[in-house]
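Colleague: Quick one: the structure is below, and I'll ask about it shortly.
The values are calculated or read from the model by the stated rules, or taken from the named source; none is laboratory data. Only a predicted model underlies this, so the values are computations on that prediction, with no experimental measurement involved. Cβ coordinates were reconstructed from backbone atoms using ideal geometry, including for glycine residues, and neighbour counts include every protein chain displayed.
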């Protein structure tokens with residue numbers, strides 16, 4: 001990096017330490033107590049999935065990215081506490097007892113400019129590059145606060161010149177134990193309160209409009225009762241690529257301020273040649289963006305598959321905190337480099353690429369290769385473990401679990417060897433299944449899996465209270481929005497629910 005930094009700060013005046021009780025009392029007196037959402041965190045009990053305000057023990061103000069900028073090099077300063085994403089940071093494990101401090105609004109991390117080791121060096125935000133100047137050790141003090149010690153310099157995060165003013169720069173300085181180097185980590189409120197679910201899906205290749213994106217809303221927080229939106233007509237349509245979209249998948253950004261809708265670029269209506277579309281199909285996915293779920297960008301094609309791929313099916317994505325990236329995954333048949341026309345025999349593997357913006361992607365890699373076709377993987381994460389559910393494409397003559405769902409788990413998302421949990425999921429209630437979608441209940445410790453009984457009823461819901469089991473129980477009574485095919489269920493807040501209902505109800 002080539003960022004500059006100011007001259008060293010003036011000599012420090014030692015200030016008397018304040019206790020956490022005095023800090024909270026001062027905040028209440030100043031009228032900002034409503035921002036306090038939870039207890040202070042100590043180094044040993046930081047929740048890596050949570051966001052925290054980093055509050056100065058000297059001024060009672062919060063570490064903030066100036067102007068909520070998303071640019072590399074944006075100044076890190078102190079500001080009066082507010083409910084602003086630019087004052088919220090996630091403590092991402094960097095190994096060996098250090099953390100990266102990732103800003104919620106930008107996804108970038110707190111960084112000592114130019115990897116300086118000097119007193120007074122500026123602190124900024126920067127794209128995560130793995131540098132030790134972007135890593136901090138959280139150290140408890142005897143006053144109930146913590147110190148944040150930079151791994152590269154060994155110096156402490158510090159409010160410059162012991163200022164109490166808004167806009168005062170955050171810098172690094174030799175650890176003196178002064179209160180302008182002491183911080184209270186205040187957890188930002190609990191997980192969002194969700195009021196229902198949005199169901200994004202397509203309806204099939206049986207009509208000219210079936211391969212577009214449809215929306216449905218749950219009846220409040222009941223994920224087994226649904227209403228169609230927009231009078232049962234598509235909400236999003238594609239006139240690019242093949243002019244059809246299947247398997248729509250919708251997700252929320254980690255900052256919560258953007259939504260991405262991605263889908264397979266495939267039109268089977270009037271075609272019907274499933275073999276051909278797996279040899280010479282699209283190498284791209286279709287992408288839409290929105291900030292409110294009701295106003296969407298125009299669709300765009302994003303190429304993710306290599307030349308060797310014959311198809312790019314059922315894309316999904318998951319934001320991984322450790323990587324600081326979205327992992328996008330899909331199914332492709334891969335053909336030999338010596339077979340440029342894709343005339344040989346092969347099978348579907350699950351592929352993946354990473355992205356931060358759904359515009360630029362890393363080179364595609366193989367994620368799941370069982371030696372036979374697998375498609376339609378989906379993920380959920382619980383207590384630090386990833387649970388992956390995948391359709392086994394083998395026929396019943398090849399395996400009794402062919403055309404049903406395989407469950408596996410892993411501690412890391414890109415592991416090539418997830419461990420076995422269960423197979424044959426769905427075979428107690430449906431004739432065959434694909435397109436599994438999995439989501440957690442908004443109201444209890446329960447998960448739902450919808451499995452698409454293709455050629456039959458469409459989606460059929462199952463439920464469990466334990467992701468480590470093979471026991472997924474069919475839901476006995478449910479109402480689906482028409483006959484939905486492979487899609488996604490997304491939890492939504494009351495404001496989002498109301499907007500969707502007002503726009504398309």
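Colleague: Tell me, yes or no, whether the stretch 455-478 has at least one residue that is at pLDDT 95 or above, more than 29 Å from residue 383 (Cβ to Cβ) and in contact with a helix residue (DSSP H, G or I) (Cβ under 9 Å, 6 or more places away or on another chain).
Modeller: Taking every residue of the stretch 455-478 in turn, none turns out to be at pLDDT 95 or above, more than 29 Å from residue 383 (Cβ to Cβ) and in contact with a helix residue (DSSP H, G or I) (Cβ under 9 Å, 6 or more places away or on another chain).
Colleague: Any idea which of 146, 159, 109 is under 30 Å from residue 326 (Cα atoms), touching a helix residue (DSSP H, G or I) at 6+ places or on another chain (Cβ under 8 Å) and not assigned by TED's automatic domain parsing to the domain that holds residue 254? Before you say what the answer is, go through the steps one by one.
Modeller: Working: 146 fails: under 30 Å from residue 326 (Cα atoms); 159 fails: under 30 Å from residue 326 (Cα atoms).
Checking each option against the conditions leaves just 109.
Colleague: Quick check on the stretch 328-337. Is at least one of its residues crowded, with 16+ Cβ neighbours inside 10 Å, part of a loop (DSSP other than H, G, I, E, B) and more than 17 Å from the chain's Cα centre (by Cα)?
Modeller: Taking every residue of the stretch 328-337 in turn, at least one turns out to be crowded, with 16+ Cβ neighbours inside 10 Å, part of a loop (DSSP other than H, G, I, E, B) and more than 17 Å from the chain's Cα centre (by Cα).
Colleague: Suppose we filter 97, 120, 154 for residues that are crowded, with 18+ Cβ neighbours inside 10 Å, in the same structural domain as residue 77 (by TED's automatic domain parsing), more than 21 Å from the chain's Cα centre (by Cα) and at positive phi; which single one remains? Write out each step before concluding.
Modeller: On the way: 97 fails: crowded, with 18+ Cβ neighbours inside 10 Å; 154 fails: crowded, with 18+ Cβ neighbours inside 10 Å.
So the residue among 97, 120, 154 that is crowded, with 18+ Cβ neighbours inside 10 Å, in the same structural domain as residue 77 (by TED's automatic domain parsing), more than 21 Å from the chain's Cα centre (by Cα) and at positive phi is 120.
Colleague: Here's another thing I want to ask about it. Read through the list (1) touching a residue at least 12 places away in the same chain (Cβ under 8 Å); (2) under 25 Å from the mean Cα position of the chain (by Cα), then give the number of the only condition that residue 424 fails.
Modeller: (2)
Colleague: While we're looking at this one, here's another question. Residue by residue through the stretch 284-298, note down the ones that are buried (at least 21 other Cβ atoms within 10 Å of the Cβ) and not in a strand (DSSP E or B).
Modeller: Within the stretch 284-298, just 293 meets the criteria.
Per-residue answers, yes or no, for (1) more than 27 Å from residue 424 (Cβ to Cβ); (2) in contact with a strand residue (DSSP E or B) (Cβ under 9 Å, 6 or more places away or on another chain); (3) not assigned by TED's automatic domain parsing to the domain that holds residue 106:
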site: 332; (1), (2), (3): no, yes, yes
site: 340; (1), (2), (3): yes, no, yes
site: 349; (1), (2), (3): no, yes, yes
site: 364; (1), (2), (3): yes, yes, yes
site: 368; (1), (2), (3): no, yes, yes
site: 371; (1), (2), (3): no, no, yes
site: 377; (1), (2), (3): no, yes, yes
site: 380; (1), (2), (3): no, yes, yes
site: 400; (1), (2), (3): no, yes, yes
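Colleague: If you don't mind, another one. Taking residue 119, is it assigned to a helix (DSSP H, G or I), at pLDDT 95 or above and within 22 Å of residue 176 (Cα to Cα)?
Modeller: Values: assigned to a helix (DSSP H, G or I): no; at pLDDT 95 or above: yes; within 22 Å of residue 176 (Cα to Cα): yes.
So residue 119 fails the test.
Colleague: Now for a different question. Pick out, from the stretch 165-261, the strands (runs of 3 or more DSSP E) lying fully within it that include 1 or more residues that are touching a residue at least 40 places away in the same chain (Cβ under 8 Å), within 30 Å of residue 47 (Cα to Cα) and in contact with a helix residue (DSSP H, G or I) (Cβ under 9 Å, 6 or more places away or on another chain).
Modeller: Because the criterion is at least 1 residues that are touching a residue at least 40 places away in the same chain (Cβ under 8 Å), within 30 Å of residue 47 (Cα to Cα) and in contact with a helix residue (DSSP H, G or I) (Cβ under 9 Å, 6 or more places away or on another chain), the strands (runs of 3 or more DSSP E) in the stretch 165-261 that meet it are 170-173, 183-187, 194-202.
Colleague: If I filter the stretch 79-90 down to residues being more than 24 Å from the chain's Cα centre (by Cα) and under 21 Å from residue 136 (Cβ atoms), which single residue comes out as modelled with the lowest pLDDT?
Modeller: Only one residue tops the list, namely 81.
Colleague: Now a separate question. Could you tell me which numbered condition residue 76 fails, if it satisfies all but one of (1) within 27 Å of the chain's Cα centre (by Cα); (2) surrounded by fewer than 19 Cβ atoms within 10 Å (Cβ to Cβ); (3) over 22 Å from residue 253 (Cα atoms)?
Modeller: Among (1) within 27 Å of the chain's Cα centre (by Cα); (2) surrounded by fewer than 19 Cβ atoms within 10 Å (Cβ to Cβ); (3) over 22 Å from residue 253 (Cα atoms), the lone unmet condition for residue 76 is (2).
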